[in-house]
Amino acid sequence: MRNRRFEAETSAQKLLAENRITSLFVNIEAQRWEAVVVDDVVYQVEISGDPKNIQKRCTCGFFYDAGYCMHTLAVEKYILKKGFSPVISLNARATMPVRTKFDPSTLFLTAIKKIQPPKESAPAGTQGKPLKIEFHLNNTKTSTYDEGSDLLALRLKIGYLEDFRTSYVENIHQFLHAFAEGKTYKQKNKTFLLTGQVVDEATADCLSELHQFSLQEDFYFLRSQVLQHNRNSSELILPPYSLENVINRIQEKSGLTTKIDGKTLEEVHFEAEDFPFSIKVTSSENGVNILLPEDLGKMFAWYQKVLVGNVFYSLKEEQVDAIEKFRKVEERIHSHVIPLPIDSAKKFLSEDFF
């Protein structure tokens, strides 16, 4: 533990030396410092509280696990270096860099420019050709052994409206950034000019929302601890907090093609009620039979959801654990009926919180 803390302190000093803190402001309404740190990706840091209890937050996975990280340490050192205190009330307000309202677009702008290569702007007055954009949702595997660890990802297909042919966007981050700034996006032998009204208003709204979301996607990717994020990916991984909102908005505004394990689904829905998960126990000659639901659906453990047909149901944490165990048993015995002696059945059920 001491080694991890020392490494974080050392890394924080390196971030300071390389001027990686690209934005530092005080949010008066929330009474906190807000900063942006450019490390391998962009992270947001917040520091607030009183002299006895200074609270810190960072959007990196390490902070989520340890409660501290190189980014919060770097920002705290940077605040002190500038002659201020991490405690807002101890500063002379007139001299502080103040932001009265949190604005994600402005906050990330400087940082994004540091980690993405500059793109050439289109000449003034240039209008791009009308484009056709398709939104695709699919599951992406993170383990060949654990089906429940699949993640849900968005991909885009792009083409000119006049020829109806589309192909997958190879770098979704670069495309969304180019669209937001009205610049040119290139892949293979094609160049798409994204200046002007190149898509309908509904599609433009969806792309703008995805762009804002993509700036923060890396943090959720790291938090999942199942896959190392690749900024050049053609996929935009959906984190749990925004899964339902993003899918519903795209389906409502522009249409969404959903393909899970190679099977195309009709419009997917989210059920407000929890998954009706139940098991039955019947007596048998040698003990009892435990009857599992015949359709446990496609489970996505990270999202705590199960997909049955085209409906997503929410799962409780104990249901996630139970379904994972039941699936392993089913794979071994090739049946949803588990015959067990009474003593073994009691132990089996108690271990799975039933």
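The values are calculated or read from the model by the stated rules, or taken from the named source; none is laboratory data. Fair warning: this is a prediction, and the values are worked out from it, not measured in the lab. Note that each Cβ is placed from the backbone with ideal geometry, even for glycine, and that neighbours are counted across all protein chains shown.
Out of the residues in segment 40-51 that are within 18 Å of the chain's Cα centre (by Cα) and of a type outside the set (A, V, I, L, M, F, W, C), state the one that is surrounded by the most Cβ atoms within 10 Å (Cβ to Cβ).
Per the stated criteria, the residue is Y43.
Inside segment 262-283, can you point out the residues that are outside any loop (DSSP other than H, G, I, E, B), surrounded by 10 or more Cβ atoms within 10 Å (Cβ to Cβ) and among the charged types (D, E, K, R)?
Within segment 262-283, E271, D274, K280 meet the criteria.
When you scan segment 330-340, do you find a residue that is of a type in the set (G, A, S) and part of a helix (DSSP H, G or I), even just one?
no
Would you pick out the residues in segment 1-41 that are in contact with an Asp or Glu (Cβ under 8 Å, 6 or more places away or on another chain), among the basic types (K, R) and more than 11 Å from Y78 (Cα to Cα)?
R32, the sole residue that qualifies.
For F164, all conditions in the list (1) in a loop (DSSP other than H, G, I, E, B); (2) surrounded by 15 or more Cβ atoms within 10 Å (Cβ to Cβ) hold save one; what is the number of the exception?
Result: F164 fails condition (2) only.
Is it the case that segment 296-308 has a residue that's in contact with a Ser or Thr (Cβ under 9 Å, 6 or more places away or on another chain) and surrounded by fewer than 16 Cβ atoms within 10 Å (Cβ to Cβ)?
No, every residue in segment 296-308 fails to be in contact with a Ser or Thr (Cβ under 9 Å, 6 or more places away or on another chain) and surrounded by fewer than 16 Cβ atoms within 10 Å (Cβ to Cβ).
I'd like the residue in segment 69-102 that is modelled with pLDDT of 90 or more and among the hydroxyl-bearing types (S, T, Y) and, out of all such residues, is nearest to the chain's Cα centre (by Cα).
Among those that are modelled with pLDDT of 90 or more and among the hydroxyl-bearing types (S, T, Y), it is T72.
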